[in-house]
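Have a look at the structure below before the remarks.
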Amino acid sequence: MAAMTEFDRVVTDLLGQHDLRYTVGRRALVKVLRVADRPVTLPELLGLAGDLPQSSAYRNLALLEEAGVVRRLVHGGDHAHYELAESLTEHHHHLICNHCGRVTDMTLSPALEQTLDDSFGSIAEASGFVASSHVIDVYGLCSQCAN
Ligand SMILES: [Zn+2]
Ligand SMILES: [Zn+2]
């Protein structure tokens, strides 16, 4: 067996906390999500992964989500999109095309993130709520659909 990378070790630990093993099928899914440059749907994922049966891929995605390895994005389109959890990548936001459903990652500057957290934190605090994170999506038309 090849040496484990730090990334593999973190994923193995997350799965282990849920009594799940980092099987070949799960590795294949994680690899595709790691290489993809944006969140992908299950059909896209299967297309990129090659020869994974759809039923086991779907079940493994659900287990990976449960273990905190994968994040499922539901934006009201025909298909949910999947990406690696932020704990394995970095905090970011999404641009969502209203026409074709394409989802693109968007990273804000640390200064803007700080401003957002400060603002949300103080507004939430006014009602006794302790804010810990935020999700902000931007809807519109992607570059292909806008033209
Ligand atoms: Zn589009
Ligand atoms: Zn943010």
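Any read-out appearing in this document is the output of simple, stated calculations on the displayed coordinates, not a laboratory observation. Note that the structure is a prediction, hence the values are computed from the model and not measured. Note: ideal-geometry Cβ built from the backbone for every residue, glycine included; neighbour counts use all protein chains shown.
Numbers for the structure displayed
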{"item": "At R0 = 41 Å, FRET efficiency that the Cβ-Cβ distance of Ser127 and Asp13 yields, to 0.05", "result": "0.65"}
{"item": "Region 90-147, Cα convex hull volume normalised per residue, Å³", "result": "98 Å³"}
{"item": "Highest-first arrangement of 54-60, 104-110, 81-87, 94-100, where packing means the average Cβ count within 10 Å", "result": "81-87, 94-100, 54-60, 104-110"}
{"item": "Segment Thr104-Arg27, length gained on full extension (0.36 nm per residue, minus Cα span)", "result": "25.4 nm"}
{"item": "Peptides 29-36, 72-79 ordered by average Cβ neighbours within 10 Å, highest first", "result": "29-36, 72-79"}
{"item": "Cα centroid separation, region 1-63 to region 100-147 (Å)", "result": "27 Å"}
{"item": "Cβ-based net charge around Val103, under 13 Å, with every Lys or Arg adding one and every Asp or Glu removing one", "result": "-2"}
{"item": "Residues Glu66, Glu44 arranged by fewest to most Cβ contacts within 10 Å", "result": "Glu66, Glu44"}
{"item": "Dimensionless Rg ratio for the chain, taking C-alpha atoms and the 2.2 N^0.38 Å reference", "result": "1.18"}
{"item": "Mean separation of Cα contacts under 8 Å, 6 or more apart, over the residue count of the chain: relative contact order %", "result": "19 percent"}
{"item": "Two-site label geometry, Tyr58 and Tyr139: point separation in nm, points 7 Å out along Cα→Cβ", "result": "2.6 nm"}
